[in-house]
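These notes are about the structure you will find just below.
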Amino acid sequence: MSVALLMGSDSDLPRLEGCLETLRGLEIPFEARVMSAHRTPDDVAAFVTEAPERGIKVFICAAGGAAHLAGVVAAHTGLPVLGIPMDNPPMGGLDALLATVQMPGGVPVATFGANSGGPVNAALFAARLLAVSDSNLAKRIEDHRQKQTESVRAKDARLQSKL
């Protein structure tokens, strides 16, 4: 079982590192590609329709501007599609957010934040989807959550010692 991360531009990669790090940390295999809903629509359709043969179970799609990538992917698959609107100029991601979140009925795309938390949350949500049928992954997710808890408690302890 793996995840496909599609980005509309290679310039999105630095802002998607949190997604990649999260997938790696949870030991989830993934493919990452640059594909455009508008410039390479045939490539997108072919990739999406062939992806299940390679074990892809979830798509994460990041795009800015018109941000139609997640919708085009959702139009070609029955698998879960998670959209990350990228916060590009000139509208700071509002255009991408609206394009990603306003899918017509019958073509679902789960939409995540247009900020640094969005890519991480999309990866964690993909992990939770996969963990429904993978108890080992469910354990890794629980361990990840526990590490987050311990990190916050340690930060609070440091704060308390300074006060």
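For the range 153-162, the criterion of being surrounded by fewer than 16 Cβ atoms within 10 Å (Cβ to Cβ) and touching a residue at least 12 places away in the same chain (Cβ under 8 Å) is met by none of the residues. Reported count of residues in the range 60-74, each being over 14 Å from the mean Cα position of the chain (by Cα) and more than 18 Å from P104 (Cα to Cα), is 1. As a summary of the residue check, D143 satisfies the conditions (1) touching a helix residue (DSSP H, G or I) at 6+ places or on another chain (Cβ under 7 Å); (2) assigned to a helix (DSSP H, G or I); (3) surrounded by fewer than 16 Cβ atoms within 10 Å (Cβ to Cβ) except for the one numbered (1).
The set of residues in the range 111-140 being hydroxyl-bearing (S, T, Y), under 27 Å from D87 (Cα atoms) and exposed (fewer than 15 other Cβ atoms within 10 Å of the Cβ) consists of S116 alone.
Only residues that are surrounded by 22 or more Cβ atoms within 10 Å (Cβ to Cβ) and either in a strand (DSSP E or B) or among the hydroxyl-bearing types (S, T, Y) (or both) were counted in the range 85-110, giving 2. When P85, P104 are screened for being of a type outside the set (S, T, Y) and over 11 Å from the mean Cα position of the chain (by Cα), only P104 passes.
Values quoted throughout were computed directly from the atomic coordinates according to the rules given, and no laboratory measurement underlies them. Just so it is clear, the model here is predicted, and its values are computed rather than measured. All Cβ positions, even for glycine, are placed from backbone atoms using ideal geometry, and neighbour counts span all protein chains on display.
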